[in-house]
Amino acid sequence: MTSDWFRKRFLGKTNLGDRGQEQTPGRSTPAPTPPLYCRPKFLRGVGLEAREPGQRPVYSPARDHPLPWHTGYAEVINAEKSEFNEDQAVCCPLSIRRREGGSEEEQEWLILCQEEFMTGYYWALFDGHGGPAAAILASNYLHTCIRQKLEAVVEGVLATQPPMHLSGHLVCPNDPQFVEEKHIRPEDVVVGALESAFQECDEVIGQEMETMGQSSGCTALAVLYLQGKLYVANAGDSRAILVQKHGVMSLSSEFTPETERQRIQYLAFVYPKLLADEFTRLEFPRRLKGDDVGQKVLYRDYGMTGWGYKRVEKADLKYPLVHGQGRQARLLGTLAVTRGLGDHQLKVLDTDIEVKPFLSSIPQVHVMDLELPSVGKDDIIIMATDGLWDILSSEQVAQVARSFLQKNRGDPYRFSELAQALIYQTQGKETIPQGTLDRESLVSYDDVSVFVIPLHKMERGNGGS
């Protein structure tokens, strides 16, 4: 998939060569403009109006336009730390069809003419930084890329056991045995498609950002329902949880400079030039000072989960590759996340040191079988950007959800109202609706976006309504 195809398909832009026109000598082609600012399509234009100073309205889909599975959604813009809401959200069906050979344009026409082959459902949240552009591009493109990757391997997804050769051809009579010995299942093929899709989306965003002269990135949390299973793919610090009657289960892990310290330090060990002699890859409990030179202090390197002692040298006084604690931890003093999409042009302030080599676009994918007896009819999935989790723990979110839904069983719109209630919890005690947690006032100044996905709407073996 090329950046030109993406530009034509989603931005309505083409290169001059695509239109068969010649560029006038001496006249430069105007640089492409960033994608227009927008809110999720399912909000139908809500949230685009200019906000009043000091106001942070909470937006949800209209009651007469329910989302698939009666999914709930709510969002609130940041407390004027930036002009735009840098979060983006997508919720839509995903039709997977067989692909034939030929050009991309021919394939698109064939897809439109074919009958549906397999239907899934897709939810995604993108938390932008450095502007909204990367999140907008990801919201336009990632689900398309996932669909195309799945279409390319659909035979392996539908097989009881994925064949060694996608065509089913046997080069070796023992090919099925080799696949079985590796414990390769159809869901592993889906996971591979998701991983490839994230990487391709990252590449396209990088090409677009370079063309537009922009520097922006985003985290990405996507949930895919396919063939009775949920796939939760996360690259960043958003979070998804499963809320059950008597428990809560994490469906994702957050990727920050702290959680990925060893991977980042090892990369700096293998490629020391990435630090440009300005940073040290070693971690210390605090920033070292001149008086520490010659003393033995606590430290950690890439091969250590525990701590050791080393004698401080002058080189150890450089700024740490990973510095800070908790939500204040930063990579190269610049970025609070270590996985996501974009950031290809991001550099450390006032230097030429690139941050992108330390970042990864590969998601961690958690697979959940919804046909297991342990999945209850009242179970829900809550996925949200980090603005919610900065204020509430998973257990607190689950407590709010159980209390709210117990009192609002009859309203089909209750899942969006629950999403709103969770956002109110991040806005301070004076805005908390009755029936939620009674606690000290806490406020998130970040953009917050929340999906609430009720699993009882999932028709087993069919895909939902």
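A few comments on the model shown:
- Per principal axis, descending, Cα span of the range 304-450 in whole Å: 66, 41, 36
- Set Lys377/Lys407; Lys81/Lys347; Lys289/Lys356 screened for pairs whose C-alpha atoms are more than 23 Å apart: Lys289/Lys356
- Heavy-atom accessible area ranking, 1.4 Å probe, most first, across Ser139, Ser250: Ser250, Ser139
- A cut-off under 12 angstrom between Cβ atoms defines the neighbours of Ser139, and their net charge, with Lys, Arg +1 and Asp, Glu -1, is -1.
- With the highest mean first, a sort of the peptides 129-135, 256-262 on other beta-carbon atoms found within 10 angstrom per residue produces 129-135, 256-262.
- Accessible area, probe 1.4 Å, largest first, for residues Arg311, Arg300, Arg39: Arg311, Arg300, Arg39
- For the range 256-336: rounded, prolate or oblate by the Cα gyration tensor [a/c cutoff 1.5]: rounded
- Site pair Glu395 and Asp188 shows an inter-label distance of 3.7 nm when each label is modelled 7 Å from Cα along Cα→Cβ.
- Loop sites in the range 123-200: trypsin sites (Lys or Arg not before Pro), DSSP, at most 14 other Cβ within 10 Å: Lys182
- For the set Glu313, Glu195, solvent exposure ranked by accessible area (probe 1.4 Å, protein chains only) runs largest to smallest as Glu313, Glu195.
- Net charge over other residues, Cβ less than 14 angstrom from the Cβ of His165 (K, R count +1; D, E count -1): -2
- Carbon-plus-sulfur accessible fraction, the range 221-293 (probe radius 1.4 Å, protein heavy atoms only): 51%.
- Separation of the Phe269 and Lys377 label points, Cα + 7 Å toward Cβ, nm: 5.4
- Ser60 exposes around 20 Å² of accessible area when a 1.4 Å probe is run over every protein chain in place.
The values are calculated or read from the model by the stated rules, or taken from the named source; none is laboratory data. The structure displayed is predicted, hence computed values, not measured ones. So basically every Cβ, Gly included, is an ideal-geometry build from the backbone, and we count neighbours across all protein chains shown. Calculation scope for accessible area: heavy atoms of the full protein, side chains included, ligands and nucleic acids excluded. Shrake-Rupley method; radii C 1.70, N 1.55, O 1.52, S 1.80 Å.
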